[in-house]
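Here the structure is laid out as structure tokens; the discussion comes afterwards.
The values are calculated or read from the model by the stated rules, or taken from the named source; none is laboratory data. Remember, predicted model here, so these are calculated numbers, not experimental data. Counting neighbours? That spans all protein chains shown, and the Cβs are built from the backbone with ideal geometry, glycine included.
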Ligand code: ADP
Ligand code: ZN
């Protein structure tokens, strides 16, 4: 305990500078923090980083969040041990924590943990934070923008100069040079001495973009993502907090960093579903970027070739600005997209590449260009069944089939990672050697290519074949230097990459994403396939895209073939409006998870019985979730549908507070869900 300052009593007042009670928020999922005594001479304004005791621990770092709430006798209250020599967390960062916790119904402390980047790491004596060099005279001259790019860039630069919050959609076709255009806004913000945060939906993309941005802007971005080492994490965090780091490139978690002087946020590929964090604090990185901008008075740019319906809706309403790039840069034109009707193609069994696509591949590789085949399925075959009795090999712990992988020679559950050697006999009927692999994964496509185009140099790009960022980088370099003729990949390679020699793209099964109960299925399929198509013909030779589908009349397929994005999105918009789905209404999903079916089902029924009533409010379920069993746990789901107005989070928060759920059942709330599994 810190002794009272000498002479404090002599002033004759009743301890005016004596201990005050402060509320300290700890980076733990524990609620709203605890009261501590702060005795002079310690002083700690709101936002100060403090070391406090907690239970038996003496080294917990938290943040002074406000005045204490009292209610505990003074002599029982524990003292703040130390005020750290770290700049206090700025008010806009604190407001953001409060807002995100209120909205997502997560513990405030769990959100604070993200501000700490997992755990607070004090600087070590040997650490040196260096000011990142800013664009200097030695930086390469900025690119000469086309007239269309220049107009777009000027609009974005004006936003930065205005210096207040506001959101602008940078809506540019694939290959239009969106990076160059938002690069101009980034350069301006840096020039004005501000920090800039550029967000990407996936860390694999940060590697390729970091190098490109450094060339473009003459500043190496400071990175923030889950693959940093401890040391990089510590140095980068402090550099961001004290303002030395000016240009930050990161994944969604970077939004929570304690920026000293943020002046611009850019979220690239804003339509990407992978902006959604599905575990821990469940939030959407793009939406929270908009909130962060709003709370901090910071302009936000959302960039995409296939903007989300939510964002287009906000543009329609006049809430977001809209800056458009209609043309590809240089001589490149948009690719020619053709549908291949799988019902009409007579493809032999175990063959998945149609004749028109195969002919185009031959021709493309024959003329020294590259091709890409897209299939959003890892492994060899998505299903293995016994031909004698029809039994399908399933994971014992998940509602999921066991998926054959040739690379490992085993069958894997993609949900929990459980894997087994291929069984010799059917576990149900005992038949030997009667297993059949059904359907293709990327490995099976590679096998077909090897048989039919034996000279082609093939590489597979999927999350299991490209294990880390170094592997991703080296594969990209091999494609860039034309050591690969044909790239076969999952959604991992759908976006962002720029391979000038790539002209033909084949989509093996365009219908894959359309099934299931996801209200965004059509929108997402359109976006994904449009992005995949956008990898082709990015230089001089025109791209050709073959989309294999059994539903050529589906609105998604027709829109792709006719380049009719806006009409498609309009039709989707009407559809959502008719069903009061987002963005016209709001959704929240509540998932109950536990080991015991009866407990989970009973808790779900109890919740449903106490469901809130209100205008426009509807609670559907409970019903078993599509993944009714996941990692050995049972899952029940309630879905809340509400109007656009009103405090959905608040309503759900007080509902959940009214119902006692046994400890063995976990309640997971997802406001604005993007996953319906
Ligand atoms: P998008 O992100 O819109 O798909 P990119 O930013 O990848 O497009 O741009 C496509 C290609 O065109 C990139 O290689 C990019 O460097 C190049 N490019 C775009 N605009 C310019 C420009 N004004 N000057 C030089 N190269 C440009
Ligand atoms: Zn499993």
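Tabulated data for the structure shown
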{"read-out": "Of residues in segment 414-446 being closer than 27 Å to residue 374 by Cβ and within 16 Å of ligand 2 (Cβ to nearest atom), the one farthest from the chain's Cα centre (by Cα)", "value": "419"}
{"read-out": "Extreme residue, modelled with the lowest pLDDT, among residues of segment 585-627 that are within 16 Å of ligand 2 (Cβ to nearest atom) and surrounded by fewer than 16 Cβ atoms within 10 Å (Cβ to Cβ)", "value": "626"}
{"read-out": "Within segment 76-116, tally of residues that are assigned to a loop (DSSP other than H, G, I, E, B) and either more than 21 Å from residue 669 (Cα to Cα) or in contact with a helix residue (DSSP H, G or I) (Cβ under 6 Å, 6 or more places away or on another chain) (or both)", "value": "13"}
{"read-out": "Meets criteria (within 16 Å of ligand 1 (Cβ to nearest atom), touching a residue at least 12 places away in the same chain (Cβ under 8 Å), buried (at least 19 other Cβ atoms within 10 Å of the Cβ) and closer than 25 Å to residue 288 by Cα) for residue 190", "value": "no"}
{"read-out": "One residue from 7, 31 being more than 30 Å from residue 239 (Cβ to Cβ), at pLDDT below 90, assigned to a loop (DSSP other than H, G, I, E, B) and more than 37 Å from the chain's Cα centre (by Cα)", "value": "7"}
{"read-out": "Lone unmet requirement of (1) surrounded by fewer than 24 Cβ atoms within 10 Å (Cβ to Cβ); (2) closer than 19 Å to residue 354 by Cβ for residue 545", "value": "(1)"}
{"read-out": "Criterion violated by residue 91 - all others in (1) exposed (fewer than 15 other Cβ atoms within 10 Å of the Cβ); (2) modelled with pLDDT of 95 or more; (3) in contact with a strand residue (DSSP E or B) (Cβ under 9 Å, 6 or more places away or on another chain) satisfied", "value": "(3)"}
{"read-out": "Unmet criterion (only one of (1) near ligand 1 (Cβ under 10 Å from one of its atoms); (2) closer than 20 Å to residue 211 by Cβ) for residue 153", "value": "(2)"}
{"read-out": "Residue 594 touching a helix residue (DSSP H, G or I) at 6+ places or on another chain (Cβ under 8 Å) and under 16 Å from residue 668 (Cβ atoms)", "value": "yes"}
{"read-out": "Selected residue (only one of 564, 604 is in contact (Cβ under 8 Å) with a residue 12 or more places away in the chain and over 25 Å from the mean Cα position of the chain (by Cα))", "value": "604"}
{"read-out": "Criterion: away from ligand 2 (no atom under 16 Å from the Cβ) and modelled with pLDDT of 95 or more - qualifying residue of 181, 207, 219", "value": "181"}
{"read-out": "Filter pass, residue 332 being in a loop (DSSP other than H, G, I, E, B), more than 27 Å from the chain's Cα centre (by Cα) and within 16 Å of ligand 1 (Cβ to nearest atom)", "value": "yes"}
{"read-out": "Matching option when the condition is surrounded by fewer than 23 Cβ atoms within 10 Å (Cβ to Cβ) and either part of a helix (DSSP H, G or I) or on the phi < 0 side of the Ramachandran plot (or both), among 267, 289, 303, 244", "value": "244"}
{"read-out": "Single match in 455, 451 (criterion: assigned to a helix (DSSP H, G or I), out of contact with any strand residue (DSSP E or B) (no Cβ under 9 Å at 6 or more places or on another chain) and exposed (fewer than 14 other Cβ atoms within 10 Å of the Cβ))", "value": "451"}
{"read-out": "Extreme residue, surrounded by the fewest Cβ atoms within 10 Å (Cβ to Cβ), among residues of segment 207-241 that are part of a helix (DSSP H, G or I) and touching a helix residue (DSSP H, G or I) at 6+ places or on another chain (Cβ under 8 Å)", "value": "212"}
{"read-out": "Whichever residue in segment 374-407 is crowded, with 18+ Cβ neighbours inside 10 Å and more than 29 Å from the chain's Cα centre (by Cα) and, among such residues, is farthest from ligand 1 (Cβ to nearest atom)", "value": "386"}
{"read-out": "Candidates 74, 156, 105 - the one that is in contact with a strand residue (DSSP E or B) (Cβ under 9 Å, 6 or more places away or on another chain) and surrounded by fewer than 13 Cβ atoms within 10 Å (Cβ to Cβ)", "value": "74"}
{"read-out": "Selection count, segment 405-417, where residues are without any contact (Cβ under 8 Å) to a residue 40 or more places away in the chain, part of a loop (DSSP other than H, G, I, E, B) and within 17 Å of residue 463 (Cβ to Cβ)", "value": "4"}
{"read-out": "Qualifying residue in segment 355-363 (condition: touching a helix residue (DSSP H, G or I) at 6+ places or on another chain (Cβ under 7 Å), over 30 Å from residue 182 (Cα atoms) and touching a residue at least 24 places away in the same chain (Cβ under 8 Å))", "value": "yes"}
{"read-out": "Of the criteria (1) farther than 16 Å from residue 375 by Cα; (2) surrounded by fewer than 17 Cβ atoms within 10 Å (Cβ to Cβ), which one residue 515 fails", "value": "(1)"}
{"read-out": "Conditions (1) crowded, with 22+ Cβ neighbours inside 10 Å; (2) in contact with a strand residue (DSSP E or B) (Cβ under 6 Å, 6 or more places away or on another chain); (3) outside any strand (DSSP E or B); number of the one not met by residue 371", "value": "(3)"}
